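> Structure below; questions to follow.
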């Protein structure tokens, strides 16, 4: 195998590995629709350090074993086939409501320093300039899941803003993972936790619409050859790049 | 046997302004043939309810059938992008987007299912959705004195659901993911099924464990092979990529007419021409 150079590594690969490292063995982990990148990260974690992680999804397949990943969906038959039990969306929500879901993956379009998440509208809710898809489960899952992990494939001043247009939900975010950086939510604020090895601090500051503290920020590791090999085996056709 | 009727007859029973629950999830196992017939019959002011919709809602909105959509998420997934017709209609004010968390749709249907007017929902505490929407409110828990958000019940006038197989009474089998369809079948006042195939009552009796919607809840059945196309039927057929791309890219009236025409035989033939 050719050893990949730093230049050939895609930001999605860094995100997948970063997310996988955040997942722990034996955790119950859920992702929803349009979630191909976290899906690959979950499968990577299960193949490495978290073999007993329980993987949950919308169709309800518990730990499914599909031979391939769908190019267009993270809520289809691939998440159901050869699973070891059926535990559908409704029950996953119930699990979170009673405090027994460990991790949920969610996204959004705007985030501000105070941990507000907007996945609903740009502009006024009743007369929106842009109607977004909606927060899906965010408004009930982020407050009730033990750790809400948010990922977003865009990192620019329109995504990380001073003040979101609409609060779909707020708080209880564990981390936000982007192609440039990782934010941690602590004491009611987002803190820059780490930056990608493919970018610079100047770039992260420039692309973030609120002031960030640049002290005590680490640099994420590059994926190892072994990690890249497993990712490629899991995701042969590159569904993790679909959002980019 | 009387329940098996043509697609057009089944859809004729749905009145303008009805609350309509649509089975399936995003691009999977939506009752697309029934949805297209709603457009052909030019239904108006439908109030759609679904946790996560995509092409189904986009087709109904493009056809001018929709007044409001109660859902947690309306979009194709990453590959096909946003539900472009839905999005534009909400932005120009012709369709009202009633955003839920997916779970609050489930809770609203659950309330209808068990015959109560509203349902308490944990988690939904800090959200502009509560103030912005009349179907959310906060009440005081009479036992603990703590505040909790409630969601108003949604009792659909009709649920339209696509299934893999059913007998002539509507005892229905769904292979693979059920999504929220069983809940919808219990919450709605009426249930209309489209089905890939009709099986005998004897076959049902040998497989009653697999029957997830009992026939006594079902009012009408439309025989419709490939009834989820261009969406997928999990484990049986996949999406029609080219059809979806054309639908999203070609926005003129002619191409929408062409889209409906392309399926007119498929949507009507079996049910319409069915004789026992």
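The values are calculated or read from the model by the stated rules, or taken from the named source; none is laboratory data. Treat the numbers as computed from the prediction; the structure is a model and nothing was measured. Quick reminder, even Gly has a Cβ in these numbers, built from the backbone with ideal geometry, and neighbours come from all protein chains shown.
> Is it true that residue B:177 is part of a loop (DSSP other than H, G, I, E, B), under 24 Å from residue A:165 (Cα atoms), at pLDDT 95 or above and out of contact with any strand residue (DSSP E or B) (no Cβ under 6 Å at 6 or more places or on another chain)? Before the answer, list the steps.
Working: part of a loop (DSSP other than H, G, I, E, B): yes; under 24 Å from residue A:165 (Cα atoms): no; at pLDDT 95 or above: yes; out of contact with any strand residue (DSSP E or B) (no Cβ under 6 Å at 6 or more places or on another chain): yes.
For residue B:177, the condition - part of a loop (DSSP other than H, G, I, E, B), under 24 Å from residue A:165 (Cα atoms), at pLDDT 95 or above and out of contact with any strand residue (DSSP E or B) (no Cβ under 6 Å at 6 or more places or on another chain) - is not met.
> Would you confirm, using the coordinates I've provided, whether residue A:73 is in contact with a helix residue (DSSP H, G or I) (Cβ under 9 Å, 6 or more places away or on another chain), in a loop (DSSP other than H, G, I, E, B) and at the interface with chain B (Cβ under 9 Å from one of its Cβ atoms)? Talk me through it step by step, then tell me what you get.
Details: in contact with a helix residue (DSSP H, G or I) (Cβ under 9 Å, 6 or more places away or on another chain): yes; in a loop (DSSP other than H, G, I, E, B): yes; at the interface with chain B (Cβ under 9 Å from one of its Cβ atoms): yes.
So residue A:73 fits the description; yes.
> Name every residue in segment A:76-92 that is assigned to a loop (DSSP other than H, G, I, E, B) and more than 8 Å from every other protein chain (Cβ to nearest Cβ), in order of residue number.
Residues satisfying the conditions are A:82, A:83, A:84, A:87.
Residue-by-condition table, conditions (1) under 19 Å from residue A:178 (Cα atoms); (2) surrounded by 24 or more Cβ atoms within 10 Å (Cβ to Cβ); (3) in contact with a helix residue (DSSP H, G or I) (Cβ under 6 Å, 6 or more places away or on another chain):
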{"site": "A:26", "(1), (2), (3)": "no, no, no"}
{"site": "A:33", "(1), (2), (3)": "yes, yes, no"}
{"site": "A:37", "(1), (2), (3)": "yes, yes, yes"}
{"site": "A:42", "(1), (2), (3)": "yes, yes, no"}
{"site": "A:47", "(1), (2), (3)": "no, no, yes"}
{"site": "A:52", "(1), (2), (3)": "no, no, no"}
{"site": "A:59", "(1), (2), (3)": "no, yes, yes"}
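> Additional query: Out of curiosity, is residue A:60 free of Cβ contacts under 8 Å to residues at least 40 places away in the same chain, facing another protein chain (nearest Cβ under 7 Å) and on the phi > 0 side of the Ramachandran plot? First the steps, then the outcome.
Numbers: free of Cβ contacts under 8 Å to residues at least 40 places away in the same chain: yes; facing another protein chain (nearest Cβ under 7 Å): yes; on the phi > 0 side of the Ramachandran plot: yes.
So residue A:60 passes the test.
> Would you point out which residue out of B:45, B:18, B:30 is within 25 Å of residue B:227 (Cβ to Cβ), surrounded by fewer than 24 Cβ atoms within 10 Å (Cβ to Cβ), under 13 Å from the mean Cα position of the chain (by Cα) and more than 11 Å from chain A (Cβ to nearest Cβ)?
Details: B:45 fails: under 13 Å from the mean Cα position of the chain (by Cα); B:30 fails: surrounded by fewer than 24 Cβ atoms within 10 Å (Cβ to Cβ).
Of B:45, B:18, B:30, the one residue that is within 25 Å of residue B:227 (Cβ to Cβ), surrounded by fewer than 24 Cβ atoms within 10 Å (Cβ to Cβ), under 13 Å from the mean Cα position of the chain (by Cα) and more than 11 Å from chain A (Cβ to nearest Cβ) is B:18.
> Can you go through B:212, B:239 and tell me which one is surrounded by 13 or more Cβ atoms within 10 Å (Cβ to Cβ), within 30 Å of residue B:88 (Cα to Cα) and within 14 Å of chain A (Cβ to nearest Cβ)? Quick ask: steps written out before the conclusion?
Numbers: B:212 fails: within 30 Å of residue B:88 (Cα to Cα).
Answer to the check: B:239.
> Could you please find all residues in segment A:131-153 being assigned to a loop (DSSP other than H, G, I, E, B) and touching a strand residue (DSSP E or B) at 6+ places or on another chain (Cβ under 9 Å)?
First pass over segment A:131-153, keeping only residues assigned to a loop (DSSP other than H, G, I, E, B): A:132-137, A:145-146, A:152-153.
If the condition is that a residue be assigned to a loop (DSSP other than H, G, I, E, B) and touching a strand residue (DSSP E or B) at 6+ places or on another chain (Cβ under 9 Å), then A:132, A:133, A:134, A:135, A:136, A:137, A:145, A:146, A:152 are the ones that fit.
> If only one of A:210, A:183, A:166 is buried (at least 21 other Cβ atoms within 10 Å of the Cβ) and in a loop (DSSP other than H, G, I, E, B), which one is it?
A:166
> Output the number of the condition that residue B:186 fails; it satisfies all remaining conditions of (1) assigned to a helix (DSSP H, G or I); (2) over 22 Å from residue B:20 (Cβ atoms); (3) in contact with a helix residue (DSSP H, G or I) (Cβ under 6 Å, 6 or more places away or on another chain).
The failed condition is (2).
> May I ask you to list the residues in segment A:154-177 that are at the interface with chain B (Cβ under 9 Å from one of its Cβ atoms) and out of contact with any strand residue (DSSP E or B) (no Cβ under 7 Å at 6 or more places or on another chain)?
Of everything in segment A:154-177, just one residue is at the interface with chain B (Cβ under 9 Å from one of its Cβ atoms) and out of contact with any strand residue (DSSP E or B) (no Cβ under 7 Å at 6 or more places or on another chain), namely A:171.
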